[in-house]
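Values in this text are rule-based calculations from the coordinates and carry no lab data. Nothing here was measured: the structure is a model prediction, and the numbers come from that model. In this analysis, Cβ positions are derived from the backbone assuming ideal geometry, glycine residues included, and neighbour counts consider all displayed protein chains.
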Amino acid sequence: MAPLQIPDDCILNILKFLYKDHKTLFSCLLINKQWCEITVPILWRKPWKLGISTEFWEFITDSLILCLSDYSKQVLHINGIIPSNILSQKPKFNYISYIKYISQDIITKFVNNYITLNFEEETFSLMHKNLLFEEIWKMFLNQCNSLKSITLPNIKIINYLQDEGNCLKNIKKLICSTEIDSSLFLDLSKICQNITKFIIIQNKNLENNEIGLNTLIESQNNIEHIKIESFMNIENDSLAKSLRLHINSLKSITLKNFNSLPYSLFYNSEFPNLKILKIKLINNLKILDTIKLPNLEILEILNNSNLIDQTIDLYSKLISTTTNGNLKKINLEVSNDQCFDDLKDFIEIITNHCIKIEYLTLWINDKLFINLEILLITCKNLKHITINKAIDLDWELIDDDFNNLNDDDDIDSSASIESNSSNLSENGRCNMGKNDNSWLDFLTKSVGIGVQSNEFKFLNISATHSSINLSELIIRGDWNFTRKDLVKFFEIWKEKNSSIPLKLQIVNNKTSIETINDVCRKYADEGILKDWLAYKYNRI
């Protein structure tokens, strides 16, 4: 009886989950012909991501040269670029047809690698290089039947198409710059109407007669994702006007390096389907007061903290008045000297309006611990939280005698650094080693006696009331945790019986890295900690 053959669909459904596991996929190639035929298209969807070695590029260059059309092979052979034995060779698979992404950089690297492998570079003329470049572009543009994404070169690639742009008409993602010739965009607008994602580099102001990119944007059926990065405060208002036509279909907007948010896109606008808004290094954000984001799930604003309007009350108003409780991630950057009332309002707004929140950045001071506690109790879905300590706090130590108990090792000295150097990496991450933890065992047993510092209160609240789903905690600021504070935190965490090991990061100006690492090592050995990182940084 012949062995039972697994249906192709079953194998494909298994392998599609392994598309990032290249080592396993390479092994699947060797099982049998059936597995090989199913695996090759998966590996060749984006083969460039595998390109981390010289051997890889030698292999891929040899394979793709065989995929050239017979006509291109003849042209390159006549000009002495490929040898005669290539003319009759065919690849085992039509590798080109599986590729989903190409770019100018990839093809340039491919051409340069072929020249390096087969010629003395100084003997290879620019004319021959341009000819090889042209034939390779033709190969990709006319054989990549699965092409979904392209980074546009500033050359007339439309002239290389042989069948009315069949490979380009299915493009979903376009990466381009504003310095590309406007006529290329106009040509593409006649071929491509289903682009859903644009990534645009604004490195040139568009003149009034350069309408190509605007026309291409306006000709699309539904643009869902837009990412624009501007250089030297270049702003093209006409692009914003064209994008506004897609306001109902946009799902994500990412903007970087603008002098202010594009007025024509944002002013008095409602984005009914926008789920992601990411803003970085933009000077003026006040137009956010005019927008509505009813279905927003991710809000990230990472700007320089000295910007005038970079205040937390702007974000509080945005969250409370324009979102409908769907936010899952809030990652904001502000200066850490915000008004107390603004900090309090922000925490209360998150507590009352963001019940689904999973990823959160907060600022607290010693008068906001009760607000932090209520938030942690209410927001049961929190998986990641970053807590910044606001400056100029009035820290009141209740029991200095206890806080100084057996803490001599907190003082940095050449002796202590030398003794721990074998267990610390340069940035403070601990190497997993076995140390004498007798002092730690003592503290673990004795930690019940009342520590009442603000640091202890903060850690106690964080450990006691955090969601069992919390897997990553980042603490920033001038905290002065003692060993006892940290031990008590982990003991409470352990008692919660959370099935998810914690990842901890402490960016700290007072507690020594050695102290943090010594405590964390013990609880990593116990499986309470998955990973940790402690390092010094300037004031937030």
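Length gained on full extension, Asn352 to Asn324: 9.0 nm, using 0.36 nm per residue less the C-alpha separation. For the residue pairs Lys510/Lys530; Lys100/Lys503; Lys204/Lys328; Lys46/Lys275, the alpha carbons lie more than 30 Å apart in Lys100/Lys503; Lys204/Lys328.
In terms of distances greater than 28 angstrom between alpha carbons, the cross-link table entries Lys197/Lys280; Lys172/Lys329; Lys286/Lys380 yield Lys286/Lys380.
Using the Cα atoms as the points, what is the convex hull volume per residue of region 148-233 in Å³?
Convex hull of Cα atoms, per residue: 86 Å³.
Close amide H pairs (under 5 Å, H built 1.01 Å from N) link Thr386 with Leu360, Thr361, Leu362, Ile474, residues at least 5 positions away or on another chain. Ordering Lys33, Lys380 by the number of other Cβ atoms within 10 Å of each residue's own Cβ, fewest first, gives Lys33, Lys380.
By the count of other C-beta atoms within 10 Å, a proxy for reagent exposure, Leu277, Leu314 are ordered fewest to most as Leu314, Leu277. Using the Cα coordinates of region 170-318, the gyration tensor eigenvalues translate into equivalent-ellipsoid semi-axes of 26, 18, 12 Å, sorted from longest to shortest.
In this structure, the amide hydrogen of Glu270, modeled 1.01 Å from its nitrogen in the peptide plane, lies closer than 5 angstrom to those of Lys292, counting only residues at least 5 positions away or on a different chain. By the count of other C-beta atoms within 10 Å, a proxy for reagent exposure, Asp313, Asp62 are ordered fewest to most as Asp62, Asp313. Centroid-to-centroid, using Cα positions, region 343-370 and region 223-289 are 27 Å apart.
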